[in-house]
Structures are given as structure tokens and as C-alpha cells.
1. Exactly one condition in (1) over 27 Å from Thr581 (Cβ atoms); (2) out of contact with any Pro (no Cβ under 7 Å at 6 or more places or on another chain) is false for Ala617; which is it?
2. Can Glu716 be described as closer than 30 Å to Gln934 by Cβ and either touching a residue at least 12 places away in the same chain (Cβ under 8 Å) or surrounded by 13 or more Cβ atoms within 10 Å (Cβ to Cβ) (or both)?
3. Does Glu528 satisfy being modelled with pLDDT of 90 or more and assigned to a helix (DSSP H, G or I)?
4. If we scan the stretch 730-741, do we find a residue that is buried (at least 22 other Cβ atoms within 10 Å of the Cβ) and either assigned to a helix (DSSP H, G or I) or over 45 Å from the mean Cα position of the chain (by Cα) (or both)?
5. Quick check, is Val578 in the same structural domain as Ala654 (by TED's automatic domain parsing) and under 27 Å from Lys524 (Cβ atoms)?
6. Considering only strands (runs of 3 or more DSSP E) fully contained in the stretch 356-435, which possess at least 2 residues that are of a type outside the set (D, E, K, R), modelled with pLDDT under 75 and exposed (fewer than 13 other Cβ atoms within 10 Å of the Cβ)?
7. Return only the number of the condition from (1) surrounded by fewer than 15 Cβ atoms within 10 Å (Cβ to Cβ); (2) out of contact with any helix residue (DSSP H, G or I) (no Cβ under 9 Å at 6 or more places or on another chain); (3) among the small types (Gly, Ala, Ser) that Ala497 does not satisfy.
8. Does the stretch 576-591 contain any residue that is among the basic types (Lys, Arg) and either surrounded by fewer than 14 Cβ atoms within 10 Å (Cβ to Cβ) or part of a helix (DSSP H, G or I) (or both)?
Amino acid sequence: MADSGLTRILTAGVGRRILMLFLLAGILPVIFTALLAYNEVGRGLEQEVNQDLRENSKAYGVEILARLSRASGKAEELIDVFESGGVAATQDRPYLLDDFEAVWLVAESYPNEMIFGVRSSQIDFSTINVAHLNAGNGQLLDTAAAAKNDLILLHGANIGEPDQSMFAFRLKPETIWGPKENRPYLTEFCVFSASGANLFCTVGMDAGLHVALVAERNPQESSPTEWEIGGEKHFAAMWQLFLDGSYGHPAIDIIASQPKKYSLRSSADFRRIFPPALVLVIMMVGALSLSLIGQSLVPLQRLTIVARQYAAGQLESRVRIRTGDEFEALGDAFNNMAGRLGRQIETLKAMSKIDRLILSGADFEEVSEDVICHLIKLTGFEAAAVIARDADAPSWAKMISWFEDEFIHERVSLPQELGHEWCQPREVALAEIDGSFAPYKERFLKFGLKYVVLIPVILNDDLKGILLLGSNSSFEMRGGRLQRSIDIAGRLAVALASAEREEALYRQAHFDELTGLPNRQLLKDRLEQQLVHARREKQNGAILFLDLDRFKEINDVFGHSVGDLILAQAAERIVSEVRDTDTVARLGGDEFVIVMPHLTGDNTLRKTATRILARLAEPFSARGTNHFLSASIGIVVFPDDGDSVETLLKNADAAMYRAKDAGRSRFVFFSKKLNAESRRKIELERDLRTAFNADELEVYYQPQFDLSNGIICGAEALMRWRHKEQGQIPPSEFIQLAEDSGLIIEMGRWVVDQTCADLRSVLDMGLHPGSMSINVSTLQLRESGFPSDVLDALQRHNIHPGYLQLEITETTVAQNRDTAIDILNVLREAGVQVAIDDFGTGYSSLSYLQQLPFDLIKIDKSFIDLIGSGGNSENICRTIIKMAHELGKKAIAEGVETKEQAEFLSENGCDCVQGYYYSHALPQDEFLTFVEKQDFHTQRRKALEIV
């Protein structure tokens with residue numbers, strides 16, 4: 001019955017295929033491997049034979065060399081004996097003659113003299129290497145070419161004959177080739193010279209073998225050469241002994257051979273045993289294959305049947321296999337799978353509901369409560385909880401716990417460092433853990449539980465929270481309950497990540513990325529709330545609008561990366577000086593806004609503003625360098641100073657600009673007058689941007705006079721703005737606006753071009769007004785293209801550079817010293833003059849003065865105004881004039897308005913003056929007429945002087 005069942009299984013489709021696969025996978029590889037091993041073993045044995053033969057020939061060659069060396073030593077000793085005592089002395093030492101058949105003294109020019117034995121070989125003197133012998137070496141000669149196998153050893157002798165003589169030693173064959181008993185068993189040797197002559201053979205060996213071995217000589221050859229010797233197959237190998245260095249003889253070839261039958265005796269045994277062993281192995285593999293197939297296919301049939309039942313939905317079916325192998329494990333797995341499928345369906349339903357909650361945008365609390373309910377249902381634990389880390393405060397977390405149909409929400413503190421134990425599922429006994437490292441301990445003890453299972457909630461290697469399952473009995477950390485808990489923890493991680501993403505998007509939309517402060521949008525929202533609250537509660541609040549002074553210069557000089565570091569530090573300092581109930585926001589750039597609700601008076605405002613100014617005046621450290629800043633603060637009180645967010649911010653901004661105008665590093669409260677000034681400032685800046693196209697800007701010229709002769713020596717170009725509605729706008733108003741807005745660069749370029757054009761008109765009339773001076777701003781001296789703008793304008797209007805004079809202030813250069821000096825050097829080298837304007841009122845320093853490239857010094861009007869008042873101004877003016885002359889420069893006084901001032905300057909050697917005493921600033925046409933009249937008067941005066 002068993003045989004028929006096995007036959008039925010083996011003849012079925014799967015059984016037949018498995019049998020064939022067993023044969024292919026088991027027997028064929030065995031046969032292939034056996035054949036491969038058979039050939040490899042045979043080849044290996046042949047290689048071993050070849051290696052043994054080469055080693056034998058080498059060993060024999062080494063013995064020959066040793067015997068030859070011994071004979072050469074005896075020959076040298078015999079020569080010494082002969083030279084000292086003649087032939088008789090040699091007879092007294094017979095041991096020296098043991099290795100030789102004959103010894104004689106030979107020379108080419110006289111007969112040979114025998115010392116011992118009988119000479120039988122004639123020496124060919126053409127083969128003697130005289131230099132080799134004279135070097136104290138022996139030379140070995142063979143007489144194989146003369147059909148003799150004598151070996152003769154030559155040594156040079158110096159016995160006083162006119163011609164050179166040598167000692168010849170004919171070596172005994174046994175001395176060189178050795179006795180037969182010392183040779184390996186059944187191993188024959190043959191020695192051939194380089195010319196192919198047979199020097200010695202222990203057996204009749206065909207010279208053709210030597211030729212064959214020489215032809216195929218290869219140190220890497222792995223197989224021996226097969227040759228027939230005496231009617232028997234032999235293996236042969238050759239080794240070459242080099243004698244030319246020591247004995248002046250070409251290398252000799254030493255051949256070792258053994259009968260093939262003897263050499264391959266091990267291979268013959270292997271080839272005799274291998275085939276029966278292979279047949280036995282194949283039979284065993286076949287029998288084992290049939291047995292294994294029979295054991296495997298019966299469980300496979302059972303598994304196939306139950307799988308079809310599961311596919312039909314019959315999950316209650318079970319398969320029984322007791323084979324003690326993988327089939328039994330597979331059967332158990334099928335049974336466990338059927339049992340888990342029902343639970344898996346319930347789990348999937350739970351996860352599907354959680355997913356719907358996440359996609360619907362439900363908040364974290366709702367999702368967590370649903371997760372806890374499903375966990376209790378699927379795992380059977382008595383209590384459960386979720387701990388979610390606070391993204392903004394990682395040391396705190398929200399904990400939502402459930403016990404006996406009641407949810408509890410609370411905020412718990414987490415350990416400073418969450419170790420690896422928080423990142424792996426584990427069970428803890430509540431009685432054995434430290435509550436400071438387990439914020440859940442107290443809550444689960446109140447539930448009356450003893451054990452808690454921790455399931456980490458991880459997403460992208462980031463610990464988002466912990467899932468807690470409480471029980472009164474220990475829980476085995478494996479199985480379906482644990483896996484279901486881990487799966488749900490994964491869904492909870494997605495929910496937490498979704499909540500964090502929503503929070504991140506909110507922060508991105510409402511908080512400044514650099515400082516972490518609320519941005520303009522969130523500021524407006526909170527300020528709207530505070531306005532509503534202030535009106536309802538009839539309370540006051542305040543807004544402090546803060547702007548960092550000269551922050552743009554730090555950005556321009558040191559880069560935005562340094563500026564960002566300073567902004568972050570400034571934000572921290574501001575926050576540290578306000579109340580917890582206050583809001584600090586960053587509007588953008590270097591502007592901050594502080595909202596202070598619930599104020600009872602302005603004393604708190606003043607103290608807060610003072611503290612902030614003091615903190616911001618402290619040095620800022622950025623990349624190893626200290627930077628010093630100040631701030632200007634504008635303050636408004638709401639709702640008194642405005643009933644809307646826009647109005648309050650606008651008024652606070654106006655107060656801040658008033659603080660800047662008042663000298664910076666201070667705070668100013670808003671007033672209605674400030675509002676009007678701020679509005680006018682904004683309107684002027686807007687109109688100034690269109691003034692070019694509207695032809696509202698003009699260049700006026702204030703003449704400068706040479707005090708030594710009263711002749712006009714130049715003029716200062718001054719910009720004027722004739723507003724289409726408001727008329728003349730004072731330069732004191734719009735020049736600073738142009739500086740703040742950056743328009744000064746474009747306006748300065750236009751003034752240079754217009755001045756050159758007007759100067760060209762004057763020169764074309766044959767008039768000579770002297771040099772035209774133009775004021776240069778700080779921003780212009782930061783522009784690398786400023787020199788090319790000036791030189792291009794001069795070239796465009798065909799003006800010699802000496803007619804142009806650029807006025808700079810010490811403050812202008814000090815703010816950007818290196819770049820400004822480089823630019824001024826380029827212009828001076830081209831011929832443009834440079835004047836230091838407002839000398840003594842800015843960063844006056846002798847070191848600066850030494851570095852600056854300049855031609856003139858202009859004395860500021862503030863010193864000129866006080867001439868005659870009895871103060872130090874007159875001494876200052878004298879000092880400046882004298883210093884200029886000592887430096888080889890000219891001195892020009894500006895703002896001269898009285899005769900007394902002009903006479904004082906003339907008496908003290910001032911070179912040139914300008915001011916209302918001589919002339920106001922004139923438009924281009926009036927200036928042209930003025931220069932023409934001056935030129936006429938000058939010519940008339942000169943004519944009268946001649947008469």
C-alpha cells in the first residue's frame with residue numbers, strides 16, 4: 001500500500017517534476033563534480049611529478065657545484081704547494097690529488113710539464129679566458145667536442161717564466177658526478193653542455209630529449225615531458241646550472257627522469273578506486289531523493305486542500321501535520337493565520353477609522369481617544385494612555401489616559417534625555433521604576449495596575465510619543481497583541497506628524513523664521529484682539545515701534561550672515577526686557593514691534609524703553625567681532641493714538657522716525673504734529689522719485705572767489721527742487737530723504753552730468769569760471785562704478801578733469817574708509833580735485849587726514865559764523881588755514897556773510913571764499929551772466945592797471 005501510494009504521488013505532475021529536479025539537482029552535479037575532480041586530481045599528480053623531477057635535477061646540480069667547488073679548492077692548495085716545493089712536495093700530500101686523474105703545467109709557447117698522472121686531452125688555447133684566470137678564478141673546460149668527456153679545471157700560475165703558464169687539472173668523473181648510491185630511487189640523470197654535448201649520463205638517454213626540453217623550457221610548465229628511454233616510457237624534467245660566473249664555463253643542463261609507471265603509481269590507485277565510489281554515491285543520492293519526495297508531497301497535498309478552504313472563506317478549517325519539519329511548521333502557520341485573519345480584519349477596520357479621522361483633519365485629542373478605545377477592544381488591557389511630545393517644548397508632553405470608561409487629559413514633564421529604552425517596546429513593573437523617569441507611573445498606580453507596556457510612536461526615526469497599555473498581570477512581549485499595538489502606534493505617529501505639520505504651517509505663516517518671533521500677520525491678529533479688549537475694558541495699551549540704527553551699514557559691510565546673527569541676538573535682548581504678557585514681533589528687516597497691554601500710566605513704558613535701549617547699546621558679538629548699534633523707538637498709546645492696527649503702526653513708525661531725526665538712540669511718544677510731519681515725509685519721498693521725469697530738479701551754482709585778487713575761482717554745484725505744487729523744497733528736507741531711500745546715487749550721477757554740461761556751455765563762450773565742486777555722499781563712495789560715472793561724464797562733455805572738484809566729508813570716508821580711499825585715488829590720478837568739506841565737524845583725525853587723498857580743505861560755516869564773537873572760532877580758522885598751507889593744500893571758507901568775516905579770512909591767508917556776502921547760489925543762466933560780468937570787470941580792471 002505504501003509503495004502504491006508513493007508511486008501514485010511520484011507519477012503525479014508535481015511528484016514527477018520534483019523527482020526530475022532531484023535527479024538534476026542531485027545526481028548530475030555529483031557526476032559533473034566527480035569528473036572534474038577526476039581530471040583535476042590526475043593533473044595535480046602529474047604536476048607533483050614534474051615538480052619532484054625538477055627538484056631532483058636541481059638537487060643533483062647543487063651537488064655537482066659543491067663537488068666542483070671542493071676540487072677547485074684542492075687545486076688552489078696544490079698550486080701553492082707546487083710553487084713552494086716543486087713536484088716532490090706535491091707527492092707528499094696525496095689527499096690533494098684524490099679528485100684528479102692528471103695535473104700538468106701548460107703554456108702556449110713551450111712544452112707541457114706533467115706534475116701527476118698522464119695527460120690525455122689537448123687544450124684549445126682559444127677557449128681559455130685569460131682575464132678570468134688572472135682575476136684568481138678557475139676555468140672549467142670540457143672536451144666533449146673532441147669526442148672525450150674529460151673535465152679540465154684551469155688555474156693561472158705565476159712561476160717566473162717569460163710567458164704566462166697555467167695549471168691543468170683533469171677531474172675524475174666520480175669526483176664531479178658522484179656515486180650512484182646517492183641518487184634517488186629509480187631516478188636517472190643526464191648532464192648536457194650548452195652546445196648539446198652529453199657530458200654525463202647514468203642511463204642511455206637520447207640527445208633528442210635534451211633538444212625537446214630546451215625547446216619547451218618554461219619555468220611555469222606544470223606537466224613533465226614524456227620520453228621513451230630503453231623501450232620504457234619516462235617522465236623527464238630539466239634544471240640549468242650556471243657556471244660562467246665562477247668557472248668561466250657555459251651553463252649546463254641537468255635532466256632527471258623516472259619511469260612513468262613508477263611516477264604515476266599514486267594516480268593509478270586513485271583511478272582504480274574512484275569509479276566504484278562514484279556509482280555508490282549516485283545510488284545513495286537516488287535512494288535518499290525518493291524517500292524525501294515521499295515525505296514532502298503528502299503534507300503538501302494536505303496544505304493544498306486547506307488553502308483552498310481558506311480561499312473559500314472557511315477560516316475555521318485546520319490542517320494536521322506531524323512530520324517534525326518545516327511542513328509541520330507551515331501547517332501550524334496556516335492554522336495560526338486562519339485564527340489571526342479574523343483579528344486582522346477587526347484591526348484593519350480600526351485603522352481605517354483612524355485614517356478617516358486623520359484625513360478629516362480631526363484634532364490630536366479626538367484621534368488619540370479613538371486609538372485608545374480600539375486598543376482596549378483589540379488587546380484586552382485594563383487601561384491605556386497616549387503621551388505626545390510637545391514640539392515647541394520637548395521636555396513637556398500631553399498625556400491622554402483611559403480607565404473604566406473615563407478619559408483624563410493632563411500635561412506631564414519628560415526626562416531631559418529619552419534613552420534607548422523609550423524607543424523599544426518593553427514591559428515595566430510600576431513598583432520597580434523611578435517616577436521622575438516615568439511620568440505615567442503615578443496615573444497608572446491610581447488606576448490600581450502593576451504593569452505597563454510601552455510602545456514607542458516613531459515616524460522617520462523621530463520619537464513622537466509613547467503608547468501605554470496597563471495590566472495587572474505580566475505581558476509576554478510577542479504575539480498578535482503586541483503587533484496590533486505596534487501597527488496602531490504607527491497610525492498614531494502619522495496623526496502626530498499631521499498635527500505637527502499643521503502646527504509648522506501655522507508657525508511658518510505666523511512666526512518669523514530667523515528670530516522665532518510673531519510676524520506681521522500674527523502681530524495684527526493679536527493687536528486686533530488687544531484693541532477690542534482695551535475698548536471693552538476701557539484700558540490702555542501701547543505699541544513700541546523699534547528700528548535698529550545703522551543696521552544697513554553692518555549688512556553692507558559684513559554681509560547678511562553677520563546681520564542675521566545680530567538680529568537674532570537683538571530679538572533675545574528685547575524679549576528679555578518685556579513682560580510675559582507682552583508681544584514682541586518682527587515686522588521685517590531691522591524693525592521690531594512690542595505690544596504692551598494693560599497699562600495704567602506711561603512710567604512703565606519709559607522704563608521698558610530705557611531698558612531696551614540700554615541692552616541694545618551693549619556690544620553684539622558675531623563671528624569673533626564686536627559690533628555696536630543703537631535703536632530708535634516710537635511709542636503710541638491705544639486706543640488714544642489710533643482706532644485701527646494700520647493707524648497705530650503708521651503713527652508709531654512716524655514717532656520712530658522722529659527719534660532718528662532727533663539723534664537716534666532714544667524713544668519718542670507720538671503726537672498729532674508728528675503725524676503731519678511723517679505724512680509730509682512720505683509724500684516728499686514719493687514725489688522725489690518722479691522729480692527727474694518732471695524736470696523739477698535743477699543745479700544752482702554758488703561762486704567762489706580768490707581773496708588775493710577778487711577773481712572768481714570756481715563754484716559749488718547745489719541741487720534745488722522746485723516742486724510742481726509746493727514750490728521750492730529746502731535741500732535740508734529732500735537730501736536726507738534721497739540718502740535714506742538710496743535715490744542719492746541716481747541723483748548724484750545726474751548732478752555730475754548736468755554740471756559738466758553747464759561747464760561746457762561756459763567754456764564754449766570763452767569764459768573761465770574755475771573748478772566746479774560737487775558734493776559726494778556716503779552711498780556714492782560705496783559704488784565701485786562711481787569713478788567711471790564721473791570720468792565718462794567728463795569725456796562725454798569734453799571737460800578737462802582739473803575743472804572738476806569733488807567735496808567729501810570726513811564722516812563719509814570714515815564709514816567706508818578703504819573703498820572710499822581707493823575710489824578717490826582713482827579719480828585724483830585722472831586729474832580730478834578732491835576737497836574735504838565741513839572740516840573739523842566730523843571724524844576729524846590726523847591719521848585720517850594723512851591717509852586721505854585731497855587738494856583743498858573747506859572751513860565749515862559753523863566756524864565762520866562765530867568770527868568776531870570773541871570765542872575760539874578765530875583761532876580754529878587760523879589753525880585750519882595754516883595747516884592746509886603746511887600740507888601744501890588750499891583753504892576755502894564757506895558761508896561768508898559779512899565784510900568782517902571776509903577781511904579776517906583775507907588777513908589770515910585764506911585762499912578762496914564763498915557765501916552770501918559775495919553771491920547767493922544762482923541758476924545756470926544767471927550764473928552764466930554772473931561769470932560773464934566778472935570776466936568783463938576783470939578785463940577792465942586789468943586795462944586800468946596797465947594805463
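1. (1)
2. Answer is yes for this residue.
3. So Glu528 fits the description; yes.
4. Within the stretch 730-741, one or more residues are buried (at least 22 other Cβ atoms within 10 Å of the Cβ) and either assigned to a helix (DSSP H, G or I) or over 45 Å from the mean Cα position of the chain (by Cα) (or both).
5. When the stated conditions are applied, Val578 passes them.
6. none
7. Result: Ala497 passes all but (1).
8. Within the stretch 576-591, one or more residues are among the basic types (Lys, Arg) and either surrounded by fewer than 14 Cβ atoms within 10 Å (Cβ to Cβ) or part of a helix (DSSP H, G or I) (or both).
The values are calculated or read from the model by the stated rules, or taken from the named source; none is laboratory data. Treat the numbers as computed from the prediction; the structure is a model and nothing was measured. Note: ideal-geometry Cβ built from the backbone for every residue, glycine included; neighbour counts use all protein chains shown.
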